[in-house]
1. Given the alpha-carbon gyration tensor of region 41-102, what are the semi-axes of its equivalent ellipsoid in whole angstrom, ordered largest first, with each equal to the square root of 5 times an eigenvalue?
2. Counting other Cβ atoms within 10 Å, which GluC sites (Glu not before Pro) in region 9-97 have at most 14 and lie in a DSSP loop?
3. Run the lone-cysteine check on the chain: no other Cys C-beta under 4.7 Å from the residue's C-beta.
4. Can you figure out the FRET efficiency of TRP110 with LYS11, using R₀ = 35 Å and their beta-carbon distance, to the nearest 0.05?
5. Bin width 10 Å, alpha-carbon pairs only: give the P(r) of the chain as whole percents, running from 0 to the bin holding the largest distance.
6. Separation between the ASP51 and VAL95 pseudo-spin-labels, each 7 Å from Cα along Cα→Cβ, expressed in nm?
7. With every protein chain kept in place and ligands, DNA and RNA left out, what is the accessible area per residue of region 28-106? Probe 1.4 Å, answer in Å².
8. Taking the Cα centre of the chain as origin and charging only Cβ (+1 Lys, Arg; -1 Asp, Glu), how large is the dipole, in debye to the nearest 20?
Amino acid sequence: MGCIFCDILNKKIPAKIIYEDESAVAFEDINPQAPVHALVIPRKHISTTLDLKEGDNNLIGHLFQIANKIARDKNVAERGFRLVMNCNPESGQTVFHIHLHILGGRHMHWPPG
Ligand code: AMP
Ligand code: ZN
């Protein structure tokens with residue numbers, strides 16, 4: 001089965017890429033839910049957080065470091081921003097290649113709904 005985020009990584013479909021390195025890529029969400037809405041993904045295809053192995057621990061930490069950099073670059077770091085990684089359908093996960101959402105630029109509500 002195809003994976004839309006693997007297609008973005010492999011430049012088969014376009015995206016507004018804002019960061020990339022040997023293990024991860026970040027791009028603007030196509031349907032932004034806040035003034036800042038980007039996604040950070042690993043180059044390695046991992047379907048859900050439940051599929052993470054011990055060996056992926058550094059990779060996951062790296063995704064958070066990239067998210068921090070993007071939050072600073074987009075000037076929401078001090079104001080505040082939300083990092084979200086949904087897991088499985090009831091959480092709202094629709095793309096089964098793990099991705100860290102960075103949401104900012106407006107007040108975030110809690111509970112998230
Ligand atoms: P989730 O619902 O947590 O799985 O998040 C999937 C996110 O991917 C949603 O916020 C979508 O708007 C976003 N998305 C889906 N397709 C694309 C795409 N081609 N380029 C950028 N973002 C996308
Ligand atoms: Zn994938």
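1. Each semi-axis is the square root of five times an eigenvalue, giving 22, 15, 8 Å.
2. GLU22, GLU78
3. Singleton cysteines: CYS87.
4. Once the sixth-power term is evaluated, E becomes 0.40.
5. Pairs per bin, as whole percents: 14, 48, 34, 5, 0.
6. 1.4 nm
7. Ligands and nucleic acids excluded, the result is 57 Å² per residue.
8. Working: 12 positive and 12 negative charges, 58 e Å.
The dipole of the chain has a size of about 280 debye.
The values are calculated or read from the model by the stated rules, or taken from the named source; none is laboratory data. The model shown is predicted, which means the values in this text are computed figures rather than measured ones. Note: ideal-geometry Cβ built from the backbone for every residue, glycine included; neighbour counts use all protein chains shown. Please note that ligands, DNA and RNA were not included when accessible areas were found on the heavy atoms of the full protein model with its side chains. Shrake-Rupley method; radii C 1.70, N 1.55, O 1.52, S 1.80 Å.
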